[in-house]
Amino acid sequence: MYRSILVPIDISESELTRQVIPYVQAHAVINIAKVHFLTVIPSHPYYSTLGLAYSAALPKLKDLQEEALSRLNEIVKEFKIPMEKVQTHAVTGTPKDQILKLADSVKADLIIIASHRPDMTTYLLGSNAAAVVRHAKCPVLVVR
Ligand code: ADP
């Protein structure tokens, strides 16, 4: 039985999200679980080398985070999981690092992730999915 399931969501990829929905539903229904949904806002080292990171030219980090979280909350509704089982997270950083970090902090005993973007057919596993499979301390369900 799973107590804590982690589902990383790339909010720009609705096709990927659609793929994982039935698998998350199956596990969340069978198991009395908390489902953690995470979206990572990639940090932009390129901007920061230009000294733009804190300038008015870029949206404020807090605004980005709030916007990402509200988008994630909308997406999560499609999963039709009882609200009391759901927790959403939006953080900045490198997706793979932040996914692994949250997996630790919520003591995830299952991670459900899509293998890669449908258009990236050359890769069997995307770079974030590959790193999560390789480094996670718990089972990872790769949806393809
Ligand atoms: P690709 O390079 O084809 O996009 P990825 O490995 O980046 O492949 O994506 C596979 C999965 O990794 C996604 O379905 C999602 O679960 C997770 N992922 C990728 N980017 C993010 C992100 N920014 N935030 C949360 N999860 C992500």
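Structure notes:
- Formal net charge of residues neighbouring ALA90 (Cβ-Cβ distance under 9 Å; K, R +1; D, E -1): -1
- Of all complete DSSP H helices in the chain, not one has a Cα span along the helix axis of 30 Å or greater and a mean Kyte-Doolittle hydropathy of 0.5 or more.
- Among the trypsin sites (Lys or Arg not before Pro) in the stretch 69-112, those located in a DSSP loop and surrounded by at most 13 other Cβ atoms within 10 Å of their own Cβ are LYS80, LYS107.
- Among residues other than LYS137 with Cβ under 13 Å from its Cβ, the summed charge is +1 (Lys and Arg +1, Asp and Glu -1).
- Apolar share of the accessible surface for the chain: 57 percent from carbon plus sulfur atoms, 1.4 Å probe.
- Accessible surface, per residue, of the chain when the full set of protein chains is kept, probe 1.4 Å, Å²: 62
- Surface accessible to a 1.4 Å probe, LEU69 within the full protein complex, Å²: 60
- Total lysine pairs whose alpha carbons fall under 13 Å of each other in the chain (8 or more apart, or interchain): 5
- Computed over protein heavy atoms with a 1.4 angstrom probe, the accessible surface ordering of ILE32, ILE81, largest first, is ILE32, ILE81.
The values are calculated or read from the model by the stated rules, or taken from the named source; none is laboratory data. Since the model is a prediction, treat every value here as computed from it, not as a measurement. Positions of Cβ are generated from backbone atoms using ideal geometry, with glycine treated the same way; all protein chains shown enter the neighbour counts. Just so you know, the surface numbers come from the protein's heavy atoms only, side chains and all, with ligands and any DNA or RNA stripped out. Shrake-Rupley method; radii C 1.70, N 1.55, O 1.52, S 1.80 Å.
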